Amino acid sequence: MSITNLLENWSDFRHQHPSEDRPHLEYKWAMSIDLDSCTGCNACSVACYAENNLPVVGKEKFAHGHSHHWMRIERYWDNDGREFADQGAQFLPMLCQHCESAPCETVCPVGATNHTADGLNSQVYNRCVGSRYCNANCPYKVRYFNWYDYPTTDNVWPAPMEQQLNPDVTVRGKGVMEKCTFCVQRLTVAKSDARTEGRLVLDGEVQTACQQVCPTGAITFGNLVDPLAKVGKQWMQQQVDLNKDKQAKDAAEDAVKLRGYRILEELRTYPSVMYLEQLRESAI
Amino acid sequence: MEKDIREDIAWAQINKDVLKSLESPRRIYWVILLIAIAMVGVAVGCEIYQYQTGMGVANKNNSHVWSLYIATFIFWIGMSHSGTLLSAILHLMHADWRKPIYRFAEAMTTFSLMTAGLFVMVHLGRLWQVYYVMPYPNERWAWPNFQSPLVWDMFAIATYLSSSVLFLYVGMIPDLAICRDNIHAGWRKKLYTIMSLGWEGTDRQWRNFRMTYLTIACFLIPLAVSVHSIVASDFAMSNMPGWHVTSFPPYFVAGALYSGCAAIITLFIILRYVFRFEEYMTLPIMRKLVRLTFAIAMVWTYLNLIEFASVWYGHDQTAKDQLIFKATGPYAPYFWAMIFFGSILPLMLAFKRFQTHLPILFVVSILLNVGMWLERWMIISPSFAHGHYPWAWDHDQWPSLIQWGMVFGSFGWFTLLFMVFCKVFPSVSMYEVKEMVYHRSLAQKHKPAVKGDY
Amino acid sequence: MSTRHLLALFNDFDEAVAAIADLRAANIKGFHIDDLILKSPIEHPEVEQVLGDKPVNVQWFTLVGATMGGLLAFILVSAAQGNFFAQLKGGKPIIPLPPNFILTYEMFILGGVFITILGFLICAGLPAKRSPLYSAKVSEDQIGILVQGDESAVAAFKAIFTKHKALEIQEEAAK
């Protein structure tokens, strides 16, 4: 039975992902973040804490590096020899890049993190044994480990804060790895709603929590397969191709300077998040 | 040239001397045993606390997700390799000086593998679900991820542990028969009777025994190499700067043999004293062992330089930064200590006067292993402190006492298992020492022994 | 006529070999040279010069074990991956060959070792009860020759053993 299965579907089993010949069929969730619009206000991070039941670990554990910000705002200072940077810090919202070829997936010993059909990098909490190999192999370090049992720890969700926990999302116990899911609970609802009505999810129908709260609208999220989706148009405009580890536009010397780039693309992770470079006055 | 062993030693005397080790060691044996148990107690306490509270108490964090546990895991896996070197490779090469010392080296293989296995477990965030890593049939058709080097580890270590236990056991059957014939009462009598499987030393048994032993030796050599290559793959297969190095597998294997040989020297000296094995674990054998260690130390040094050179002349700027960070950053003292203990100190072993000086060798062999432990730590932690992503750099992390306690306790655990083994089972192979004496006395009589055997 | 067993102990391997050669040459009625068992504290491969070549079959077990181990591992691992395609890994096919070859290699060795041990136990006839004629001296430093023959042959056996300075001759009627 199994051998028949192997022989019949061998070419399917040997098919590699990502590739041009078999693109995503219905959905490929992707994001773009405009760093020019980002003000570093941390609203996205707060929204993520609220939406995804992230434990608030407190000052001391945060200082030990035990924090759980799936969406984090990184600050970079380009002082250029001066005491303070002229235009303040540069901000970079960092979240799981949902790589098409994720380094974390192949190394998980129990298969707790996988690539889903709609292009997410999923994390199965129940399956995770906490070997932390995924974090070790993640170049972006966007995976967060439950170093303690936060649901039973005092002051993580002091009363009545536990009332605001999102019922659609599990609360993770100690010893499992977690990370940004692109608000998979919202995606699932949107997809099943659409399926009930016999259509695909429309652009703008579903938003991630961080996108929803961003006051400057820096975050765009949507289905890359959908030709009408804004995110796809942005990727197209910036000539960033999901399935390339080197973009053609970077090779051309006299090309128009486009702002779109993906972080650590050269590691062949094929991230699903595109950033739009910040334009600083000094750079113009 | 001094002799590896006296030819005129009576066979009955060999039995007597070795069997005595099962009965009356020096008093220091019990002291060592007590210390070992106390050390295990420390580790058990740490593990209970960590299990109850969470991995956070080890003071790892989201930048440093791996730390001393994995470093010490590699250390113990590595140490196990020299038992195979002595028992299998030297067996195929007909180096008969291995005969008096290979038994305890093989026991060292087994017990250091067992110690290493524990580190995988204490490292896991959810120890209670460790069985998820094993491919067991279940109705949900959920399998481990066979692509993960950790699953390869699981396969490789399970294979290595069970094969080396079997190898140790099969090689011990004739000796267990000797024990059975000479011990006449108590639980030991029962144990040896059952374990010796009714061995009588008939020609049929010996014939099949020889072929079996040879076959397993042939299997164990590639197995040992593959085990540490796979452990190296845990790192070489990842994309972290400082880990993603093609030469890691041979480098790891060399390091493994190195630390194992150093450990054999340490245990050689301890057993020689504790069980009064001066007649068997002789100084000429020690000299050969020390020379072997020296050669492997130089191989390790060479591969270390190769690794640095290939990073230095490569185009991967991150890896190069990582190397510079290792040599100049907060880990610099440990890095240079590793170079000193691993590459400079063994140069001493090249001098004849040190090759049989037991007190010096005892200290040096321990220091060599300190160097090799540092090597493993220097592979793990600097890569986490200074990886691809600048925001996640964390140069200040320091392992908590829980981690150090567990590392400390593991040495007690190993010593405990090893010392109990040496008291219950003959730690010198009696029948092979007899073979050695027999062939040497034949050679002395200028009579050709077995063809090709001498 | 009942079968008798005799065990003679020798101090020296050469004497034992000479005794065996004599037994072979003497052509004693009711005794066959294949019924002779040599017991020794160490291995004496050279004894085959007088006992005749005897086959060793352990290596066939090894061959079967290693082959089966490797094949089974590859098929089981690939089948498991094929049936668990929810476990798709980005950048890799569902059945990636390099990792599967590694596991195949490990199980090749595991199968080889386990079945070799099994083969050893079968070929060497272990575990077994010790034969009634056994001397602890054999595990120390003496060579034993265990012969089996008709009652009529006992006298001839004893003569040859004594001629070659046997230290001790044990005798027992077999069932």
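The values are calculated or read from the model by the stated rules, or taken from the named source; none is laboratory data. Note that the coordinates shown come from a computational prediction; the quantities given were computed from them, not determined experimentally. Here the Cβ is made from the backbone with ideal geometry for all residues, glycine too, and neighbour counts use every protein chain on show.
General observations
- Residue match in segment C:123-140 (condition: under 30 Å from B:Ala224 (Cβ atoms), touching a residue at least 24 places away in the same chain (Cβ under 8 Å), within 14 Å of chain B (Cβ to nearest Cβ) and assigned to a helix (DSSP H, G or I)): yes
- Single residue of C:Lys165, C:Lys158 found to be basic (Lys, Arg) and part of a loop (DSSP other than H, G, I, E, B): C:Lys165
- All positions within segment C:38-89 that are β-branched (Val, Ile, Thr), in contact (Cβ under 8 Å) with a residue 24 or more places away in the chain and not in a helix (DSSP H, G or I): C:Val56
- Scanning segment B:1-57 for residues that are among the polar types (S, T, N, Q) and touching a Ser or Thr at 6+ places or on another chain (Cβ under 7 Å) yields one hit, B:Ser21.
- In segment B:5-49, the residues that are surrounded by 14 or more Cβ atoms within 10 Å (Cβ to Cβ), among the charged types (D, E, K, R) and assigned to a helix (DSSP H, G or I): B:Asp17, B:Glu47
- Test set (1) in contact (Cβ under 8 Å) with a residue 60 or more places away in the chain; (2) within 14 Å of chain A (Cβ to nearest Cβ); (3) not hydroxyl-bearing (Ser, Thr, Tyr) - B:Met108 fails condition number: (2)
- Flag for B:Ile380 being within 30 Å of A:Trp77 (Cα to Cα), out of contact with any helix residue (DSSP H, G or I) (no Cβ under 7 Å at 6 or more places or on another chain) and assigned to a helix (DSSP H, G or I): no
Residues are listed down the side, and each one gets a yes or a no for (1) closer than 19 Å to A:His98 by Cβ; (2) within 14 Å of chain B (Cβ to nearest Cβ):
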site: A:Ala136; (1), (2): yes, yes
site: A:Arg143; (1), (2): yes, yes
site: A:Trp147; (1), (2): no, yes
site: A:Pro151; (1), (2): no, yes
site: A:Val156; (1), (2): no, yes
site: A:Gln163; (1), (2): no, no
site: A:Asn166; (1), (2): no, no
site: A:Val171; (1), (2): no, no
site: A:Gly175; (1), (2): no, yes
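- Scanning segment B:199-220 for residues that are within 27 Å of the chain's Cα centre (by Cα) and at the interface with chain C (Cβ under 10 Å from one of its Cβ atoms) yields B:Phe209, B:Arg210, B:Met211, B:Thr212, B:Tyr213, B:Leu214, B:Thr215, B:Ile216, B:Cys218, B:Phe219, B:Leu220.
- Failed item, numbered, when A:Ser67 is tested on (1) within 8 Å of chain B (Cβ to nearest Cβ); (2) without any contact (Cβ under 8 Å) to a residue 40 or more places away in the chain; (3) in a loop (DSSP other than H, G, I, E, B): (2)
- The one condition in (1) buried (at least 16 other Cβ atoms within 10 Å of the Cβ); (2) among the β-branched types (Val, Ile, Thr); (3) more than 14 Å from every other protein chain (Cβ to nearest Cβ) that A:Thr216 fails to fulfil: (1)
- Condition broken by B:Leu150, with the remaining ones in (1) of a type in the set (A, V, I, L, M); (2) touching a Cys at 6+ places or on another chain (Cβ under 9 Å); (3) at the interface with chain C (Cβ under 9 Å from one of its Cβ atoms) satisfied: (3)
- Here is the figure for segment B:118-144: residues that are in a loop (DSSP other than H, G, I, E, B) and either among the small types (Gly, Ala, Ser) or more than 10 Å from chain A (Cβ to nearest Cβ) (or both) total 9.
- For C:Thr104, the test of being free of Cβ contacts under 8 Å to residues at least 60 places away in the same chain, more than 7 Å from every other protein chain (Cβ to nearest Cβ), among the polar types (S, T, N, Q) and more than 30 Å from B:Ala10 (Cβ to Cβ) is passed.
- Any hit, segment C:38-61, residues being buried (at least 17 other Cβ atoms within 10 Å of the Cβ), among the charged types (D, E, K, R) and under 30 Å from B:Pro135 (Cα atoms): no
Matching residues to (1) surrounded by 24 or more Cβ atoms within 10 Å (Cβ to Cβ); (2) at pLDDT below 90:
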residue: B:Gln52; (1), (2): no, no
residue: B:Val65; (1), (2): yes, no
residue: B:Ser82; (1), (2): yes, yes
residue: B:Leu86; (1), (2): yes, yes
residue: B:Leu90; (1), (2): no, yes
residue: B:Met93; (1), (2): no, yes
residue: B:Met114; (1), (2): no, no
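- Any hit, segment B:184-192, residues being assigned to a helix (DSSP H, G or I) and within 9 Å of chain C (Cβ to nearest Cβ): no
- Candidates are the residues of segment A:1-39 that are closer than 24 Å to A:Met94 by Cβ and charged (D, E, K, R); the one that is nearest to the other protein chains (Cβ to nearest Cβ) is A:Lys28.
- Test: C:Gln148 is of a type in the set (S, T, N, Q), more than 9 Å from every other protein chain (Cβ to nearest Cβ) and in contact with an Asp or Glu (Cβ under 6 Å, 6 or more places away or on another chain): yes
- Residue selection: A:Gln185 fails the criterion of being over 30 Å from A:Val110 (Cα atoms), away from chain B (no Cβ under 14 Å) and either assigned to a helix (DSSP H, G or I) or at pLDDT below 90 (or both).
Residues checked against (1) among the hydrophobic types (A, V, I, L, M, F, W, C); (2) not in a loop (DSSP other than H, G, I, E, B):
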position	(1), (2)
B:Thr293	no, yes
B:Ile296	yes, yes
B:Tyr302	no, yes
B:Gly314	no, no
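- Residues of segment C:70-97 satisfying the condition of being surrounded by fewer than 21 Cβ atoms within 10 Å (Cβ to Cβ) and among the polar types (S, T, N, Q): C:Asn83
- Of the residues examined, A:Val206 is not one that is more than 28 Å from A:Leu92 (Cα to Cα), modelled with pLDDT of 90 or more and in a loop (DSSP other than H, G, I, E, B).
- Residue under evaluation A:Ala117, criteria (1) hydrophobic (A, V, I, L, M, F, W, C); (2) under 15 Å from C:Gly90 (Cβ atoms); (3) in a helix (DSSP H, G or I); (4) out of contact with any strand residue (DSSP E or B) (no Cβ under 6 Å at 6 or more places or on another chain), criterion not met: (3)
- A:Cys99 surrounded by 23 or more Cβ atoms within 10 Å (Cβ to Cβ), within 23 Å of B:Met55 (Cα to Cα) and of a type outside the set (Phe, Trp, Tyr): no
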